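A.B. asks: Dropping the structure in here first, questions after.
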Amino acid sequence: MPERTSVKTILVNGTELHYVERGKGVPVVFVHGGLGDFRTWLPQVERFGAHYRVVSYSRRAHYPNAWPDGYEAAMAVHVSDLAALIRELDLGRTHLVGNSYGSYIALVLALRHPEMVRSLVLAEPPLHPLLKSLPGGEAMLAGFMEAAWEPAGRAFLEGDMEGGVRLFMEGAVGEGAWEKLPPRARNGVMKDAPELAVATQTSFERHMLPITCDELRWIEAPTLLLRGENSPPMYRLINDEVARCIPQATQALIPDAAHVLHTQNPERHDSIVLDWLAQR
């Protein structure tokens, strides 16, 4: 943790969320994906905090938040929490920067609360329901479910937390993703494994809210879609379709990175995003 960054808590929708905040000016909120928490974005908090009022928070049921009673990994709850966070911190219209499932949450927020969103930076939002309508997409989705999501769920049910995380990462990030993580990063990831375990047991329709191209056309916020050079092909297919559907969308490729782009090539990721935000 940078010395000038302290962890705070805020009560939203009946649960306490941990967050860090840096800087002044136009707000930027970072939204982490699965197997992540506020720590995922700490390098970006430091860099972006020199230019913006930056907030990185841990979503409900993620480290170090207390486990909420009756938690279900429903996306609508996370969207509602993000909206409440923006209101409680009096952020107003906000730049949202998300990775993976966090990008999906930011996208849904832009549909439900457009007045809160200044712009969107979305790193490979896993709009798996959208794949069903794309040529070749249904086969990609079936492959991901059969090779990663469903086996991970079975491993979690059997109490094999590390095995579940490994299987999920193989499908979402790429072959050997777990083995490539240093021990400290593995320890950090495992702190958020319980939430992923619940997600794999949640109905797909609740965990992944369906979104259509017609709905995406309503998003007026300028949108930057990021994709990793080494990411699984399904993300390219999704990004291309989202870019086609959102009126003010553009794309950028992050070299030498796969899915968790801001940790695998932070220099290039941050440079692209900061340059793009400066024009908004």
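A.B. asks: From the phi angles alone, apply the Karplus equation (6.51, -1.76, 1.60; θ = phi - 60°) to the stretch 257-272 and give each ³J(HN,Hα) in whole Hz, x where the residue is Gly or Pro.
C.D. replies: 3J(HN,Hα) across the stretch 257-272, in whole Hz: 8, 9, 6, 8, 5, 6, 9, 8, 9, x, 4, 5, 4, 5, 4, 5.
A.B. asks: Provide, for q = 0.13, 0.15, 0.16 Å⁻¹, the log10 of I(q)/I(0) from a solvent-free Debye sum over equal Cα point scatterers in the chain.
C.D. replies: The calculated log intensity ratios at q = 0.13, 0.15, 0.16 Å⁻¹ are -0.82, -1.15, -1.35.
A.B. asks: Could you order Val121, Val189 so the one with the most accessible surface comes first? Probe is 1.4 Å.
C.D. replies: Listed by decreasing accessible area, they come as Val189, Val121.
A.B. asks: Right, next: Restricting things to alpha carbons, find the Rg to Rh ratio for the stretch 123-186 using the Kirkwood radius for Rh.
C.D. replies: With Rh from the inverse mean 1/r over Cα pairs, Rg/Rh is 1.03.
A.B. asks: Let me ask something else. Taking N as the number of residues in the stretch 41-113, what is its alpha-carbon radius of gyration divided by 2.2 N^0.38 Å?
C.D. replies: In units of the 2.2 N^0.38 Å rule of thumb, it is 1.14.
A.B. asks: Further question: Read phi for every residue in the stretch 202-213 and hand back ³J(HN,Hα) as whole Hz from Karplus 6.51 cos²θ - 1.76 cosθ + 1.60, θ = phi - 60°, with x for Gly and Pro.
C.D. replies: Each residue's phi maps through the Karplus curve to give 8, 4, 4, 5, 7, 6, 10, 4, x, 9, 10, 4 Hz.
A.B. asks: Using amide H atoms built 1.01 Å from N in the peptide plane, name the residues 5+ places from Val121, or on other chains, whose amide H lies under 5 Å from its own.
C.D. replies: Leu96, Val97, Gly98, Leu224
A.B. asks: Mind checking the full-extension length gain between Glu179 and Ala66? Use 0.36 nm per residue of separation minus the Cα-Cα distance, one decimal, nm.
C.D. replies: Using 0.36 nm per residue and subtracting the Cα-Cα distance, I get 37.8 nm.
A.B. asks: Hey, another quick one. Assigning unit charges at the beta carbon (Lys, Arg +1; Asp, Glu -1) and nothing else, what dipole magnitude in debye, to the nearest 20, does the stretch 124-171 show about its Cα centre?
C.D. replies: 140 debye
A.B. asks: Taking the Cα centre of the chain as origin and charging only Cβ (+1 Lys, Arg; -1 Asp, Glu), how large is the dipole, in debye to the nearest 20?
C.D. replies: 800 debye
A.B. asks: Further question on the same structure: With both partners inside the chain, how many of the DSSP beta bridges are antiparallel, as a percent to the nearest 5?
C.D. replies: 30 percent
A.B. asks: About the Cα centre of the stretch 196-259, how large is the charge dipole given +1 on each Lys and Arg Cβ and -1 on each Asp and Glu Cβ? Please answer in debye to the nearest 20.
C.D. replies: 60 debye
A.B. asks: I need the Debye-formula profile for the stretch 149-280: one equal scatterer per C-alpha, no solvent, reported as log10 I(q)/I(0) at q = 0.11, 0.23 1/Å, two decimals.
C.D. replies: Those come out to -0.50, -1.30, one per q.
A.B. asks: Moving to a separate point now. Measure off 7 Å from each Cα along the Cα-to-Cβ vector at Glu138 and Asp275, then give the distance between these two points in nanometres to one decimal.
C.D. replies: Result: 4.1 nm between the two label points.
A.B. asks: Heavy atoms only, probe 1.4 Å: what % of the accessible area of the chain goes to carbon and sulfur, would you let me know?
C.D. replies: Taking all protein chains in place, the chain shows 50 percent carbon and sulfur surface.
A.B. asks: Further, regarding this structure: Per residue, how many Å² of accessible area does the chain show with a 1.4 Å probe?
C.D. replies: That works out to 43 Å² for each residue.
A.B. asks: Find how much the distance from Met145 to Trp218 grows on full extension, using 0.36 nm per residue of separation minus their present alpha carbon separation; answer in nm with one decimal.
C.D. replies: 23.3 nm
A.B. asks: Among Thr263, Thr223, Thr40, which one shows the biggest mean-square fluctuation in a GNM of the chain, springs joining Cα atoms closer than 10 Å?
C.D. replies: It is Thr263.
A.B. asks: Placing one identical point scatterer on every Cα of the stretch 1-149 and ignoring solvent, what is log10 I(q)/I(0) from the Debye formula at q = 0.12 Å⁻¹?
C.D. replies: Summing over Cα pairs of the stretch 1-149 leads to -0.51.
A.B. asks: Determine Rg/Rh for the stretch 20-73; Rg is computed over alpha-carbon atoms and Rh is the Kirkwood hydrodynamic estimate from the same atoms.
C.D. replies: Ratio of gyration radius to Kirkwood radius for the stretch 20-73: 1.06.
The values are calculated or read from the model by the stated rules, or taken from the named source; none is laboratory data. The model shown is predicted, which means the values in this text are computed figures rather than measured ones. Note that we place each Cβ from the backbone using ideal geometry, even for glycine, and neighbour counts take in every protein chain shown. Keep in mind that these areas ignore ligands, DNA and RNA; they rest on the heavy atoms of the full protein, side chains included. Shrake-Rupley method; radii C 1.70, N 1.55, O 1.52, S 1.80 Å.
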